[in-house]
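What follows is a set of notes on a single structure, which appears directly below.
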Amino acid sequence: AGGWAKDEGLYCVRKAYADKLDQPGFQISFLKHEAQHHADFRLGELEPWLLEYRAKLVELIYTPDSTFLKSLLASADLASKGNSHAYAAGKIVTDLSAWLEAQGAADGLRALEAAVADERNWEDMQGVIRKGSRELLIKKLY
């Protein structure tokens, strides 16, 4: 891991990011993701998968290309809440697919898959995906 959050603050493995401080890997995958964890600690005891779900939604909101959505689709696995990262990815894919369908998409999962198939598709869909991610982040506080 390149970093983690605790109640008292964020911790970063300096070597992991020394030459990447201005890149999305640090700005989004570390700072925004871990800052969301830090903020969520104030909500009380949240299950690990829910902490990851919320932090991954934040990453999805800010990632400039389709790479993070691709990784969510590839790692999504709802088999066990104990595998918090995979379960969170699976919940995001499921919930975002349903959200897209509520917005009028015929098949939300196909829409997500199309968004990562080609960067032009991502450019067309990124605003909608970000909006859905923000709405899910606000909604998922249980």
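The values are calculated or read from the model by the stated rules, or taken from the named source; none is laboratory data. This one's a predicted model, so the numbers in the text were calculated from it and none came from an experiment. Here Cβ is always computed from backbone atoms with ideal geometry, including for glycine, and neighbour counts include all displayed protein chains. The area values use the complete protein model at the heavy-atom level, side chains included, leaving out ligands, DNA and RNA. Shrake-Rupley method; radii C 1.70, N 1.55, O 1.52, S 1.80 Å.
Got a sec? Which of F26, F41, F30 is free of Cβ contacts under 8 Å to residues at least 60 places away in the same chain, open to solvent by less than 20 Å² (accessible area, probe 1.4 Å), aromatic (F, W, Y) and farther than 21 Å from E135 by Cβ?
F30
Pairs needed: first member in the range 99-126, farther than 12 Å from L69 by Cα; second member anywhere, open to solvent by 50 Å² or more (accessible area, probe 1.4 Å) and among the acidic types (D, E); C-beta distance under 7 Å; at least 6 residues apart or different chains.
W99/E135; G108/E101
I want to confirm something. Restricting to the range 1-20 and keeping residues that are under 20 Å from the mean Cα position of the chain (by Cα) and closer than 22 Å to E45 by Cα, which single residue is surrounded by the most Cβ atoms within 10 Å (Cβ to Cβ)?
Restricting to residues being under 20 Å from the mean Cα position of the chain (by Cα) and closer than 22 Å to E45 by Cα, the top hit is A5.
Listed here are the residues, each with its yes/no results for (1) in contact with a Leu (Cβ under 6 Å, 6 or more places away or on another chain); (2) modelled with pLDDT of 95 or more; (3) among the polar types (S, T, N, Q); (4) farther than 30 Å from G9 by Cβ.
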residue	(1), (2), (3), (4)
E45	no, no, no, no
P64	no, no, no, no
K70	no, yes, no, yes
L73	no, yes, no, yes
L96	no, yes, no, yes
E101	no, yes, no, yes
A111	yes, yes, no, yes
D118	no, no, no, yes
S133	yes, yes, yes, no
